Structure formats: structure tokens, C-alpha cells
1. Counting residues that are aliphatic (A, V, I, L, M), modelled with pLDDT under 95 and farther than 30 Å from VAL481 by Cβ, which helices (runs of 4 or more DSSP H) fully inside the stretch 380-467 reach at least 1?
2. For the stretch 482-495, check the following and say yes or no: at least one residue is of a type in the set (A, V, I, L, M, F, W, C) and open to solvent by 70 Å² or more (accessible area, probe 1.4 Å).
3. Kindly list the number of the only condition in (1) more than 20 Å from LEU308 (Cα to Cα); (2) in contact (Cβ under 8 Å) with a residue 60 or more places away in the chain; (3) not polar (S, T, N, Q) that fails for ILE232.
4. State which residue is modelled with the lowest pLDDT when the search covers only the stretch 17-59 and only residues that are open to solvent by less than 30 Å² (accessible area, probe 1.4 Å) and farther than 24 Å from MET153 by Cα.
5. Given (1) touching a residue at least 12 places away in the same chain (Cβ under 8 Å); (2) out of contact with any His (no Cβ under 7 Å at 6 or more places or on another chain); (3) in a loop (DSSP other than H, G, I, E, B); (4) not charged (D, E, K, R), where does ASN319 come up short, assuming only one miss?
6. Determine which single condition LEU522 fails, assuming it passes every other condition in (1) in contact with a Leu (Cβ under 7 Å, 6 or more places away or on another chain); (2) part of a strand (DSSP E or B); (3) open to solvent by 10 Å² or more (accessible area, probe 1.4 Å).
7. Output the residues belonging to the stretch 232-251 that are touching an Asp or Glu at 6+ places or on another chain (Cβ under 9 Å) and either crowded, with 18+ Cβ neighbours inside 10 Å or small (Gly, Ala, Ser) (or both).
8. Give the stretch 667-707 a look and list any residue that's in contact (Cβ under 8 Å) with a residue 60 or more places away in the chain and either over 21 Å from GLU579 (Cβ atoms) or of a type in the set (D, E, K, R) (or both), or say none.
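The values are calculated or read from the model by the stated rules, or taken from the named source; none is laboratory data. Quantities reported herein were computed from a predicted structural model and do not represent experimental measurements. Virtual Cβ from ideal backbone geometry, glycine too; neighbours counted across all protein chains shown. To get the accessible areas, we keep the full protein, side chains included, count just its heavy atoms, and leave off ligands, DNA and RNA. Shrake-Rupley method; radii C 1.70, N 1.55, O 1.52, S 1.80 Å.
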Amino acid sequence: MSDSFDLLHLMEQLNLNDSKDAYKNIYTLISNHKHQQAQPLIQAELKTSTFRPELLLTAGYVCEQLNNDQEAYEFYQDALLFLDSQQKEQLIENSPVLRQTDICPRRKIAFFVRPGLDNFLSPVIEHLSNTLPNTIRTKKFVIRDITVINSAMKWADICWFEWCDNLIAYASKQPMSMQKKIICRLHSYEAFTSYIFNVNWSSVDKVVFVGSHIRDYVLDKQPQLHTAKTVIIPNGIDLSKHSFADRKPGFNIAYVGYINHKKGPMLLLHGFKMLHDKDSRYQLHIAGAYQDIRYRLYFEQMIKEWDLEDSVHFDGWQNDIDHYLEDKNYIISASPLESQHLSIMEAMAKGIKPLVHHFYGAESVYDKSYIWSGIEDLIEMVTSKDYASEGYRTFIKEHYEFTNQMKKIGTEIEALLPVDTSEPSQNNPASPLTNGPLVTIGIINYNYSRFLDEVIPSALEQSYRNLEVLVVDDCSTDDSVQKIHGYMSKHPQVRGIFHAENCGTEAVAIREILSQAQGDYLIIVNADDFLPDHQVVERYMKVFSEDKHLDYIYGDLLLVGDASQITGHWTYRQYTDNEVVKYIFQRKGSGIIPMAGMFKLDFYRKHQYEWIIEEGNTNAGDTLNCLVNVNRGWRYKYVNVPILCHRRHQNNLTYNMTKRIKSVTSVMDYIVNNFDEKIYLPQVNWQALNKEQQRAAKHYFAGVSYWQMKIDYAKTPFVAALDSQAKTDCLEPLLSKAQYHFNLSLHHADDYQTQISQLLDQNVTT
């Protein structure tokens, strides 16, 4: 790193030189240029403080001094994810390594699992790390504090969740989940819990099932998960870990696993008892433990009752299961359901004959010849002379060999890794457009102090660095003003506009932002909303750079709750001008293009356009201005990514019916008065009508639309709960508009007189 970069000063800012002895030792060693000695201390601290930025920064610095530019680059990138905007600028400006163009950062995979549940996961991580060391970096996170998931997801390109449990349920509802590639491996038990209904499956890119029977059950129960997102990859068996021998029939039967209700212990014991009755030389060896005292009491009682004390052996869990099985002739399963039952497969790899109970889906996992349905079948399988050790191992090799399953997993992971290096990366904050046009992010606030620490950082932490943040406060009565001034004092790119009196509408703030913005491009965000990831602006600017004629870009919205968890997803698409007009009219004034995207301000400045505020109705806002801009010749484009996290409240416009009705009435009026009726009333055969009939048809169908709106709004719980007079007052604007257009229709022609009379008569009777 260049001498001008004061690493020690930045480390002090980040509190590396704190009271912890390990940090003091690291600081001292680096100060004395003892980088080789500092490296193991840093690595040890990173195991427990994985994303502490000063440790990542220091790890990068040490690697750089040791001429390991690849790792230095990657550590610096990791640090950038957790530094504030000023610290990022300092590091990017002064780090030659970050500016090297010949370094290709490896993609990052985070594996998430709860304590004690990583038996199936560790071999996967080990295999991927060993086979793709130059392509990927892996980290396993054993989650005890669920909030750790947020930092780990921020770090990763791909997030792998082992088990469909509370971890994936939580992660899938975080806004950043929509920008990450997420894999969930669902084994078995999860299919029969509420977890499959608690996951936001729209955030998940791939679900790995270990068995087709489990997948079929889940898909039948959870319609939000689609087959196209799923893949069957069984757990693999490493044949090298299981010594093979050509075995023969004998009398030792092994059971490996817990004694609990999921393993069919009653069937196991009764089946063995009947086998023992046939030939008392048979022995049952149990490698496992009780999970329910009731089964222990029952087993002890019945073993004594049946005089099996010398024939049933409880050997406990085994550290070396391969050695334990060496003298066994059979391996038995009595479960009602398994995903695979790996202990059976491991024994088969040794050449031991399997005795697989006909659990749900067993025939999709094992050959029929290995399966017994009743105790009579079991006895016949054990006493039969048929025994084919080579065949058992070959079956495992052909269907479940470990390397083959790992190749399948590798294929799925590689398919999710981004291949277009021109795309902005969540994890490459050192490569933003720093010299591009200035972008203004306008934030509108009124009494949302509790959300300012989310929305303002979501703007400041954008990878695109050339931006300003303009906050308009509408005379808040909480501590918003103080909080905004705090950001202004720390971040020179933050400016504030403070109203002396409350205006009561965001429309005024939007006009101020349009007039005061210094940028060439603009995003407008309400203070209770926030940007979903750090690449929003960079992504927009890439699209604008590819099409210089665009005036506006929009995408999808993530709906979030008070705790910022995802509660829904509003998706949009590209529309033509005529579709915008037609669909808004058909939706009775509801918009179809979110105005939370990025505006090119030249569209307003060049033509001296303003944000339209209708006198007496300041709530028409977004949809009205969308239509006005379409009428002005607006050129817009949809991008298929979330562009905003929208937080919904009880006091949203949707719930204030009086304001809502005024708003949609204004929108409908604008369409009727400014667009050709052939666009929004395509059901009419206009060519068959003369001019007066066309005018009559236009106003009749416009009146019918208002009339239907009156009926629809009257049925809403919000209006239905009003008293008679309040309800009349609320719906009156719609009734007046309907009558106005009916009168105009009759003025031009009497084609619809009968229909209009019937509708008006209905209003009298109701």
C-alpha cells in the first residue's frame, strides 16, 4: 500500500488499538513491520470476529506486505462491505491493489447451519474448497445468533442453507435475499413442519432435495415452490471410507441410529422377536441411543419378557462405525419415513445385506429386492441364502457415490455464479463508477426518525460514489431534524431542507427536490422506505449508459414490515404508452408503474416541466404524474430487479378512503380528458359509430366506470364501517362523476338511456 495511506490512523479510527490484548499485539507487530508474526494472530481473531472491518483491513494490509496480492485484494473487498462511506473512499483512493485490473476475485459461498447439524454439510464444504480453490471462497457459519446471518449474507455471492429451518425462514425475508443467490437443502423432517410455509420461496433460487419422494410431498403441500426451482441430489457415500469384503449370511443384525418414534422402534423390536423365535442364534446389535425414556422402559420390559437379554445388545454411539460393522451380516431399518437412511447405505458399501422397511418413498431410493413390507418378508429376507456383497456395493457406487453427488452440487453452484463481469457485483465495492454523472437521492421525511438510520445509510453506502443525499423534512415533531443534522455534519454529501410549517403532502417535497437537486439523475424515497442493496444506483446508471434516450427506469418493490422483514413482492413489467393508459383506467385509477425509480432530470429541466400538484387534491401524486409524463413523451424502461423496499403502514393512502377516492377520481379524469377513448375503452366498436354516438359511448362507459368504483368502494371494510352520512359523503365524488358523464352521454345521443335509467334507479332503491 502506498505510503500516503495512513493505515495506522484508520485502524485507530476503527478501534483496533483497544483494550483487547490480541488487538494490541497485532497493532504492535504491524507497527514494527513484523507482518509474518501478525498474520496467525489476525487469522485467529477472524474466526470469532469474521466481519470486523479493522481485522479485514489489517489482514489485507499484511497480505499485501507479504506480496500476496490476491488475498489482499479479497480482504480489502471484504472490509469495504463494512466500512462507512468516508472510510471506503479513503481505502479505495489509496490502495493500489484494489485498482489492479488483473486480479479476479473468487466468488464467495456462505454455508449456514445450526449447531450440531453440520454432519452432512462439512463434506460438501471440504470437497468444494479442495476442487475449486481458485474459483470460490467458502465460510461455514454455525448460527447461534440469527442476526449474524445479515452480515454473512452481505458478504456472500451464494448463500447455502443446510436444512429448511428457521435460518432460511429468517434469511428469505431479508431484503438483501432478493439480490443474493440462495440455495436451501431440504433433507426430510423439515417437510413435515411449518418451516416449508414460513420461507419466502420467491427469494430462493434452488432447493436441493435428497429424495424425490420428499420433493413430491413438499411440492404438493407448498404451491409457492415450483418444480423448476428444485433438483434431486442425494447425500453421497464415500466408498473409500468403508472397507469392502465379500460377506456371507450370518446371524448378526445391526441397527444404527436413535431409538425414537421416527425410526419405528416397535416394528424393529417385534420383527426381531419373531426372527429370534425362528432361530435363536440371531443377534440384534444397536449402535445408538434412546431419545425417549418411554421406549427405553418398553424395550427393557419386553426384552426381559421375551427372554432376549442375551440377544439384544445396546452398544451406544460408535466413533468408528466402519470397524463396528465389520462382523455384522445385515443392516436393518424399520422407519416409516427416511430421506435415504445413510447408515444402510454405508453398510451396503461394505458389502452388508440391507433390510429396508418399506418406508414412504423407499422404492425411489432402494432396489425392491432390498425392501420388506411385513415381518414375514423380513424373516424371509434374513433366512434366504441370497447374499450379494458385490451387488450391494455396486448399487451404492452407481446411485450414491460421493464424488458424483458433489459434481452435481458443483454444477448447481456454478450455474448460479455470475459469469458476466460487466455486471455490478454486490461484493466489488471497489469498482464503482466514481467519475460518472452526479446522482441525487431525495428523501422525504415527516416524523420518521426511527427509520432514518436505515434509509440514509442505504443511500450513502451505494457502490456508485458520485451522489448527493437531499433530505426534506416537513416540520417533524420527533428528533428527525437533529438526526438529519447529525448526518450532515459527518457526510458532506448530505444536505437538508427543513420546513418551518407542515405542508402535509409529499408532493411539495418532490417539487423542492426537483428544483434543488444538483444531480443529473434522481431517485425519490420516502423516509420509511429504503434501497434494498448497495448496487441500486450503479445498476440504474449502467442501464442509462446503454440507452442515452431513456428518461426513467423502474423495477420491482419489496414490501417490508416494521422490522424490515420481507412481507411481499410487487412485480412489474415493461409497458407501452397505450398499455399504461388502458390498464390504469381498467384498474380504476391505480398505478402500474412505480415512481420510485430513477429519473433523468434533463427531462424536467429541458422542457421546464414540474411535478403536477392538483389544486385541492395533493394526493393524486405518483399515478397522475406518470400519466402526465407519458402524455409528454416520456421514455421509460423496466429492469427485473427490486429497486426499493416499501414499508406499509396503517395510515397509508390506501386506508384513507376519502383521500383515496379523490386521488383516483383525479387520475380517471385525466385519462378521460387527455387520451383517445379508443385506448382505454377498446371494447367499443368505434368504427360502427358516428361522432355523436362515439361521444355518447365515451361518456357512458366513463360514467359506468365511476359507478362501478362507487359500488366497489362501498364494499370495502373501511367505507362499510362508516355511518350513513359519512359513507354518503365519502362516495359522493364518484356518484357525481358518474351522473356528470351520464348526462353528457344523453346530451350527445340517447343510445344508452335505458341502461343509465336502470343504474340511477338502483341508486335510488339502495
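1. 402-416
2. Checked the stretch 482-495: no residue is of a type in the set (A, V, I, L, M, F, W, C) and open to solvent by 70 Å² or more (accessible area, probe 1.4 Å).
3. ILE232 satisfies every listed condition except (2).
4. Taking the candidates together, the pick is ALA22.
5. (1)
6. (3)
7. ILE233, GLY236, ILE237, LEU239, HIS242, SER243, ALA245, GLY250
8. ASP669
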